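Have a look at the structure below, then the notes.
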Amino acid sequence: MTMHRPRRIFLTGFSGSGKSAVARLVAAALGWRALDTDDIIEQRAGRSIPDIFAQDGEARFRELETEALREAAGQVDVVVATGGGIVQSAANRRLMADGGFVICLEGQPEVLWRRLREAGGSATERPLLAGPDPLGRIRALKARRQPFYALADYTVHTDGLGLPQVAEEVVRAWRRLSAQAVRDPDRLSGEPADTTMGEGAPTGRPACWVNAESARYPVYVEWGALVRLGERLREAGLSGAAHVISDDHVWHRYGEAALASLRQAGFEADSYVVPAGEASKSLTTASLLYEWLASRRAERGHAVVALGGGMVGDLAGFTAATYLRGLPLVHVPTSLLAMVDASIGGKVAVDLREAKNLVGAFYQSRLVVTDVSALTTLPARELTSGWAEVVKQALIMDRDLLSTLEARVADLCRLEPEVTTAVVRRNVELKAQVVSEDERETTGRRTILNYGHTVAHGLEAASDYEALLHGEAVAVGMVAAAEIGREMGVTPAVLVERQAAVLASFGLPWQAPGIDPERALAALALDKKVSGRAVRWVLLEDVGRTVLRDDVPATLVRQAVRRACGTAEKREGRRG
Ligand SMILES: NC(=O)c1ccc[n+]([C@@H]2O[C@H](COP(=O)([O-])OP(=O)(O)OC[C@H]3O[C@@H](n4cnc5c(N)ncnc54)[C@H](O)[C@@H]3O)[C@@H](O)[C@H]2O)c1
């Protein structure tokens with residue numbers, strides 16, 4: 001299919017970002033015409049915008065604005081500068097997205113305010129900015145509009161750039177990205193991205209947003225996302241320095257690419273590489289990282305970039321959460337477990353000798369950039385282990401995803417880019433949904449993610465976290481939970497079989513022979529003592545339907561754990 005570049009460009013952004021002047025420069029460069037929705041309104045109404053606001057109110061102004069936009073959107077070979085508030089209307093966004101390439105000109109409130117003061121302000125914003133504390137008004141208005149600005153096909157950060165440079169960036173983005181971008185006229189709708197399985201191509205849009213109580217941030221999931229890492233940080237409003245933390249396995253494969261992308265986007269980037277392995281997730285390493293950040297004169301506002309698996313994510317996240325009471329954190333997960341689980345949800349921690357994850361915090365990141373292609377270098381056993389969390393999320397939340405996993409297991413195991421990207425995207429979206437609803441695990445919603453984890457934790461603790469990878473333990477734990485569910489009349493036998501089949505098809509274990517069941521049971525009992533209440537089991541009633549039970553009889557638990565450890569082939573209390 002040949003793709004054509006659209007013949008309309010819309011410039012969005014706050015007043016003071018230079019939209020009108022840039023529109024004229026871009027139009028001159030392309031041999032097009034420059035339009036300005038504010039000018040069209042004033043011409044049609046025969047009155048100035050402040051007069052319209054004063055006489056008819058903002059609501060009327062917004063109607064006139066949509067009419068003006070419709071008029072502009074009916075033309076070709078035009079660059080349209082739009083009013084700062086135009087993006088707030090879904091109808092307006094659709095008018096722009098349908099056949100037009102939408103570029104947001106971004107700027108810090110202080111810079112915008114300085115430019116507005118110097119230029120006397122634009123017609124639309126003048127009424128909105130009247131009154132005391134205009135900088136405060138700009139900040140508040142801009143914050144309210146930011147989610148809509150963020151939907152643009154491309155963002156140019158204008159701080160420190162002259163108008164000709166901004167215009168050049170606009171033209172470059174139009175040449176490079178617009179043909180691909182405009183294929184979906186609903187892409188600015190603000191609805192979650194289409195995750196139809198099989199669509200893995202880069203969209204330039206986040207796969208989803210995490211809307212937690214404490215923070216809202218985008219998660220990008222693309223095959224090859226790393227090359228745009230720096231760009232994504234800038235789009236998220238970050239600037240200055242980026243301190244990359246990684247481990248030695250990941251660093252020698254992806255470190256240079258990450259640094260290059262950050263530097264190209266104007267960041268002063270440096271790195272600290274820790275030895276791979278859980279032993280690095282310690283207070284000792286965190287101390288070394290603090291010293292390094294201090295030596296680099298890290299400041300509030302500088303980003304910490306966690307490039308690696310869940311170990312690096314937790315360690316770098318913990319460090320970012322605590323240094324200077326919090327530096328912006330960017331996750332760049334490279335293992336499957338980190339992509340679908342650890343990088344989303346804001347749990348960061350280090351281990352103590354006494355137990356894993358004992359010292360930590362809830363600390364949401366500013367941004368997650370997931371390059372699915374990194375999975376191609378992940379060791380096979382780590383990859384297989386990661387599929388356990390994917391299967392779990394499908395079982396507890398998404399019937400269609402489960403069917404996709406069953407139908408495409410071979411393609412997924414060989415990391416076919418499109419379907420793998422789509423499946424990772426869907427998982428990220430599911431985890432983000434749960435975390436958005438219950439950030440701190442207070443309502444019980446987030447608890448469903450613990451399906452299979454009760455027995456898994458027991459097995460991991462009983463083997464000192466050495467015999468099993470986390471996903472392997474979760475797979476065995478899900479088999480155990482399904483058995484318990486079946487015995488309690490909660491989980492239908494066909495579902496128990498279906499779950500076993502899908503786990504096996506990904507090469508996941510259903511038993512962990514060699515682990516002492518008594519130690520695993522003791523660890524479960526300890527969990528219960530520590531939490532001060534009965535263990536809450538997540539059981540499956542159906543695909544996508546879980547139930548929490550704290551009345552699982554001890555005999556059933558004992559039986560399930562013994563089977564998980566391969567020591568009770570014959571079920572106790574039954575014959576044959
Ligand atoms: N914060 C959370 O919500 C959360 C959730 C689950 C797990 N975790 C934590 O995550 C950790 C486990 O994560 P993990 O399984 O990613 O372990 P990991 O980070 O130790 O990575 C596993 C191994 O794979 C290597 N690796 C990672 N990506 C690679 C790539 N693309 N190419 C080549 N090698 C690569 C690593 O160097 C390491 O040797 C644990 O510490 C666990 O406690 C945290």
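The values are calculated or read from the model by the stated rules, or taken from the named source; none is laboratory data. As the structure is a computational prediction, the values presented were derived from the model and not from experiment. Methodologically, a virtual Cβ is constructed for each residue, glycine included, from the backbone with ideal geometry; neighbour enumeration extends over all protein chains shown. When the accessible area is computed, the model is the full protein with side chains, heavy atoms only, and any ligands, DNA or RNA have been set aside. Shrake-Rupley method; radii C 1.70, N 1.55, O 1.52, S 1.80 Å.
Just one of the numbered conditions (1) part of a helix (DSSP H, G or I); (2) touching a residue at least 60 places away in the same chain (Cβ under 8 Å); (3) surrounded by fewer than 22 Cβ atoms within 10 Å (Cβ to Cβ) is not true of LYS356: (1). Reported count of residues in the range 281-333, each being open to solvent by less than 10 Å² (accessible area, probe 1.4 Å), part of a helix (DSSP H, G or I) and away from the ligand (no atom under 16 Å from the Cβ), is 1.
Put simply, of VAL423, VAL369, VAL391, VAL455 the only residue that is within 14 Å of the ligand (Cβ to nearest atom), buried (at least 22 other Cβ atoms within 10 Å of the Cβ) and of a type in the set (A, V, I, L, M) is VAL369.
Is one or more of the residues making up the range 470-484 under 17 Å from ALA512 (Cα atoms), within 14 Å of the ligand (Cβ to nearest atom) and part of a loop (DSSP other than H, G, I, E, B)? Taking every residue of the range 470-484 in turn, none turns out to be under 17 Å from ALA512 (Cα atoms), within 14 Å of the ligand (Cβ to nearest atom) and part of a loop (DSSP other than H, G, I, E, B). Look through the range 411-430, keep the residues that are part of a helix (DSSP H, G or I) and among the basic types (Lys, Arg), and return whichever of them is nearest to MET339 (Cα to Cα). This residue is ARG425. Per the conditions (1) surrounded by 20 or more Cβ atoms within 10 Å (Cβ to Cβ); (2) at pLDDT 95 or above, the sole criterion not satisfied by TRP223 is (2).
VAL434 meets the stated requirement of being at pLDDT below 95, away from the ligand (no atom under 11 Å from the Cβ) and of a type outside the set (D, E, K, R). Determine whether the range 266-279 contains at least one residue that is assigned to a strand (DSSP E or B), crowded, with 24+ Cβ neighbours inside 10 Å and either of a type in the set (Lys, Arg) or touching a residue at least 40 places away in the same chain (Cβ under 8 Å) (or both). No, that holds for no residue. You will find that of ASP39, ASP98, the residue that is of a type in the set (Asp, Glu) and under 35 Å from the mean Cα position of the chain (by Cα) is ASP98 and no other.
Of all the residues that make up the range 334-353, how many are more than 9 Å from the ligand (Cβ to nearest atom) and either in a loop (DSSP other than H, G, I, E, B) or among the acidic types (Asp, Glu) (or both)? The qualifying residues number 2.
Taking residues in the range 313-328 that are charged (D, E, K, R), and partners anywhere that are within 13 Å of the ligand (Cβ to nearest atom), the pairs with Cβ atoms closer than 8 Å and at least 6 places apart or on different chains are ASP314/LYS281; ASP314/ALA342; ASP314/LYS347; ASP314/VAL348; ASP314/ALA349; ASP314/VAL350; ASP314/ASN357; ASP314/GLY360. Counting only residues that are within 16 Å of the ligand (Cβ to nearest atom) and not small (Gly, Ala, Ser), which one in the range 252-265 is least open to solvent (accessible area, probe 1.4 Å)? Looking at residues that are within 16 Å of the ligand (Cβ to nearest atom) and not small (Gly, Ala, Ser), I get TYR254. For the range 7-21, enumerate the residues that are open to solvent by less than 10 Å² (accessible area, probe 1.4 Å) and assigned to a loop (DSSP other than H, G, I, E, B). Within the range 7-21, GLY13, PHE14, SER15, SER17 meet the criteria. Among residues of the range 67-111 being open to solvent by less than 40 Å² (accessible area, probe 1.4 Å) and of a type in the set (D, E, K, R), the one that is modelled with the lowest pLDDT is GLU106.
As a summary of the residue check, ALA54 satisfies the conditions (1) at pLDDT below 95; (2) in contact with a strand residue (DSSP E or B) (Cβ under 9 Å, 6 or more places away or on another chain); (3) farther than 18 Å from ARG144 by Cβ except for the one numbered (2). Among the residues of the range 377-387, those identified as within 11 Å of the ligand (Cβ to nearest atom) and surrounded by 24 or more Cβ atoms within 10 Å (Cβ to Cβ) are SER385, GLY386.
Looking only at residues of the range 300-324 that are modelled with pLDDT of 95 or more and more than 25 Å from ALA279 (Cβ to Cβ), we find that the one that is farthest from the chain's Cα centre (by Cα) is LEU324. If only residues of the range 479-490 that are buried (at least 24 other Cβ atoms within 10 Å of the Cβ) and more than 11 Å from VAL561 (Cα to Cα) are counted, the one that is farthest from the chain's Cα centre (by Cα) is GLY485. Here the range 220-250 is the region considered, the condition is being part of a strand (DSSP E or B) and touching a Pro at 6+ places or on another chain (Cβ under 6 Å), and the residue that is nearest to the ligand (Cβ to nearest atom) is GLU222. Apart from one condition, ALA374 fits all of (1) among the aliphatic types (A, V, I, L, M); (2) more than 8 Å from the ligand (Cβ to nearest atom); (3) closer than 26 Å to ALA475 by Cα; (4) part of a helix (DSSP H, G or I); the exception is (2).
Scanning the range 426-452 for residues that are free of Cβ contacts under 8 Å to residues at least 24 places away in the same chain, open to solvent by 10 Å² or more (accessible area, probe 1.4 Å) and among the acidic types (Asp, Glu) turns up GLU437, GLU441. Scanning the range 212-242 for residues that are over 13 Å from ASP371 (Cβ atoms) and of a type in the set (Phe, Trp, Tyr) turns up just one, TYR217.
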